[in-house]
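Asker: Here's a structure for you.
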Amino acid sequence: MKSKFLISVAALLMTVTAHAAERVKFEMWHGLTGDLGGVVDQVCKRFNESQPDYEIICTSQGSYDNALQNAIAAYRAKKNPTIVQIFDAGTLDLLLSEAYVPARKLMADNGYKINWDDYIPAISNYYANSKGELNSFPFNSSTAMMYWNKDAFAKIGKTEAPKTWEETFDSLKALKAAGYECPMAWNYDTWPIMEQFSAINNIPVATKGNGYQGLDAELIVNKGQYVDIIKSLKKGYDDGLVKIKTPDTGATIVQAFANGDCQVMLSSIADHGTVGKTQKPDMKWDVAMLPTLAGVERHNSLVGGASLWALQGKSDAEYKGAAAFFNFIAQPDSALFWSTNTGYIPVTKSGFEFMKAQGFYDKALYKGRELAIASLNASPVNENTRGIRLGGFVQIRKEMRDALTDIFANKVSVEDGINSAVERSNVVLRKFEKTYAGKQLP
C-alpha cells in the first residue's frame, strides 16, 4: 500500500515537473533601473504566477539608450528578445527598422480582440503610425507637471499654482522677496521646456507636422515663442529666481524640491511617488498642469516614457506568450498595480476609470496624479500636439541641452545658442533622412 502511495506521489510530481518544463519562456528587455526596474520585475512575476503556460524573463539593460542599442545589435545577430521596451525618442528607429511585429497583427493572430480606442488619445497617437494604428503597446507613460510647495506659496498669499508663465515669474519674484533662496529648480531638460511647452501652447517644434509627415522635416524652434521662454528663464536665472540643480551641483531637481530647498520644479508625474517618499517631514506640496503663455488656449501635453515592441524572429509559441503578457498588463487591475507602485499613469480610459472607482486618486499619497490625465486630455490632438517624430531625436535633445548649458553659462546669447543647436540638429535630421533614403513613414 505504501509503495503504491509513493508511486502515485512520484507520478504526480513527474506530471507537475513535466508541466512546469513545458512552460514557454520568452524574454523582455527594458531600460528601467532602481525602484522602477524592481517594479517591472514584480509585473513579470505577477504574470508568471497568473497562468501556467508562459514564463517571461525580464532583464534591465541599464538605460533606455542601452535597451534600444542592445536590441538592435541583438536583432542583427538573431539573438534578440521577444519584447523590448523602447522610449519615446526611439519610436521612429523601430518603425523604420521593420524589425517588429505590429501590435494589432500580434494580438489578432493570437485570438485577442483589443479595443484600441480605449487607449488615451494623447498616448496612442504618439506611438501610432500615420494611419493612427498602434504598432507597440504603451507601457510606462507620463507627462510633465509643475510641482509646487504649498507652504511656501501660502507665505506669499497664494493658494493655487500659477496657470501662466507670467504668473509663474511673478510668484518666483515674490518667493525670492520672501527669503527663499531657490524659488525654482531647473536642469536644462528640454522635455518640459521645449517639447511640452510647444505642445500645450500649440506651437510646432518642427515642420512636416513635427516630423509625422515625412523624414525631410526641419527643426524650427528658433523662430517662435520657445526663444522667448528661454530668454525669460535666463533672466530669472540671472535674477536668482531659477537655480540649476543637477547631480553636478549636489542635488537633482527632484531632491531639491523634496527636501524643501526649491519651491517649484517642472518634472514628470512619474516623480510623484519619489517626492512623496522622500519629502521633508510635514511639507505640503502639490502638482499642477504646466503653465501656458498668457492668453493662450491650453492644448494637450505630450506623453513621455516608453512602449513595448514585439520583435521579429521568434517562434509562434513565444508570440503567444507575448500576446498573453500584453493582454495581462492591459487589464485595469494591472494598471492599478503599476500606478500604485510607480508614478506612472494608466494608458487606457478603462484603466483610469477603474482606478477612480477604487478611490485611488482620493488617497493623499496619490492625489494630484489625475491631473496628468487631464493635461493629456486638455484638447483634441492636432499636428502640433500629437508628438515629435524626428530622426536622431536623442541626439537632437542633446544638441538643445548643450546649447542651454552654454546659454546659462554666458558663453553664447540665447539667440545664437538656439540657432546653433537648430543648425546642428538639422544636420542630424539630414543624415537620418539619407540613411533611410527611399523609405516612407509607416
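Asker: Would you please give the residues with an amide H less than 5 Å from that of V101, counting only those at least 5 places away or on a separate chain, with H modeled from the backbone geometry?
Answerer: So V101 has HN proximity to A310, L311, Q312.
Asker: Do any of K163/K284; K245/K349; K176/K411; K79/K245 go past 30 Å between their Cα atoms, and which?
Answerer: K245/K349; K79/K245
Asker: Just add up the charged neighbours of T59: K/R +1, D/E -1, any other residue whose Cβ is under 10 Å from the Cβ of T59. Before the final figure, lay out each step's value.
Answerer: Working: positive: none; negative: E27, D41.
Summing Lys and Arg as +1 and Asp and Glu as -1 gives -2.
Asker: Counting pairs of alpha carbon atoms under 8 Å apart in space and at least six apart in sequence, what relative contact order in percent does the chain give? Don't jump to the answer; show the numbers that get you there.
Answerer: Values: 756 pairs, mean separation 107.9, N = 442.
Relative contact order for the chain comes out at 24 percent.
Asker: Packing-wise, with mean Cβ within 10 Å as the measure, how do 402-408, 269-275 rank, highest first?
Answerer: 269-275, 402-408
Asker: Using a simple spin-label model with points 7 Å from Cα along the Cα→Cβ vector, what separation in nm is obtained for D362 and T435?
Answerer: Each label point is offset 7 Å from its Cα along the Cβ direction, giving 5.1 nm.
Asker: Still on this model: What does the charge add up to near V296, with Lys and Arg as +1, Asp and Glu as -1, over the other residues with Cβ less than 14 Å from its Cβ?
Answerer: Summing Lys and Arg as +1 and Asp and Glu as -1 gives -2.
Asker: Let me ask you something else. With a sphere of radius 14 Å drawn around the Cβ of V40, what net charge do the other residues whose Cβ falls strictly inside it have (Lys, Arg +1; Asp, Glu -1)?
Answerer: -1
Asker: Subtracting the Cα-Cα distance from 0.36 nm times the residue separation, let me have the gained length for D118 to E423 in nm, one decimal. List each step's numbers first, then the result.
Answerer: Working: separation 305, 0.36 × 305 = 109.80 nm, distance 3.98 nm.
Here the segment from D118 to E423 would lengthen by 105.8 nm.
Asker: Just report the Cα centroid separation between the range 362-410 and the range 185-201, whole Å.
Answerer: 5
Asker: How far is it, in nm, from the label point at K231 to the one at N66 when both lie 7 Å from their Cα along the line to the Cβ?
Answerer: The modelled label-to-label distance comes out at 4.3 nm.
Asker: Roughly speaking, what is the centre-to-centre gap between the range 265-292 and the range 121-135 when only Cα atoms are used, to the nearest Å?
Answerer: Between the Cα centre of the range 265-292 and that of the range 121-135, the gap is 29 Å.
Asker: Kirkwood Rh, the range 302-442, all Cα pairs: how many Å?
Answerer: It is 19.1 Å.
Asker: Quote to one decimal, in nm, the extra length available between E383 and R104 on full extension: 0.36 nm per residue of separation minus the C-alpha distance between them.
Answerer: Numbers: separation 279, 0.36 × 279 = 100.44 nm, distance 2.35 nm.
Net length gain for the segment: 98.1 nm.
Asker: On to the next question. My understanding is that a pair violates if its Cα-Cα distance is over 18 Å; which of K45/K113; K25/K314; K150/K367; K277/K363; K105/K131; K277/K367 do that in this structure? Show your work: numbers first, answer last.
Answerer: Values: K45/K113 24 Å; K25/K314 11 Å; K150/K367 14 Å; K277/K363 14 Å; K105/K131 15 Å; K277/K367 14 Å.
Beyond 18 Å: K45/K113.
Asker: If I stretch the segment between E133 and D41 completely, what's the gain in nm (0.36 nm per residue apart, minus their alpha carbon distance), one decimal?
Answerer: 30.3 nm
Asker: For the chain, find the longest principal axis of its Cα atoms and tell me its angle to the long axis of helix 34-50, 0 to 90°, nearest 10.
Answerer: 30
Asker: Please find the FRET efficiency linking K284 to A317, where r is the Cβ-Cβ separation and R0 is fixed at 51 Å, and quote it to the nearest 0.05.
Answerer: 0.45
Asker: With the contact rule set at Cα under 8 Å and sequence spacing of 6 or more, what percent relative contact order holds for the range 205-289?
Answerer: Relative CO of the range 205-289 lands at 15 percent.
Asker: In deg cm²/dmol and to the nearest 500, what is the mean residue ellipticity at 222 nm of the chain if only DSSP H runs of at least 4 residues count, each as -39500 (n - 2.57), divided by the residue total?
Answerer: -14000 deg cm²/dmol
Asker: Given that just one value was derived from the coordinates, which of [x] 25.0; [y] 26.7; [z] 22.0 is mean projected area of the Cα convex hull in nm²?
Answerer: [x]
Asker: Based on the Cβ-Cβ distance of T159 and T249, what FRET efficiency does E = 1/(1 + (r/R0)^6) give at R0 = 35 Å, to the nearest 0.05? The partial results should precede the final answer.
Answerer: Numbers: r = 31 Å, r/R0 = 0.88.
Approximately 0.70, to the nearest 0.05.
Asker: I'm checking a number: the convex hull volume of the Cα atoms of the range 47-89, normalised per residue, in Å³. What is it?
Answerer: Enclosed volume per residue, from the Cα hull, is 84 Å³.
Asker: Tally the DSSP beta bridges in the chain and give the antiparallel ones as a percent, rounded to 5.
Answerer: The answer is about 60 percent antiparallel.
Throughout, read-outs are computed from the coordinates displayed, never taken from laboratory work. Remember, it's a predicted structure, so these values are computed and weren't measured experimentally. A quick note on method: Cβ atoms are made from the backbone with ideal geometry, for glycine too, and the neighbour counts reach across all protein chains shown.
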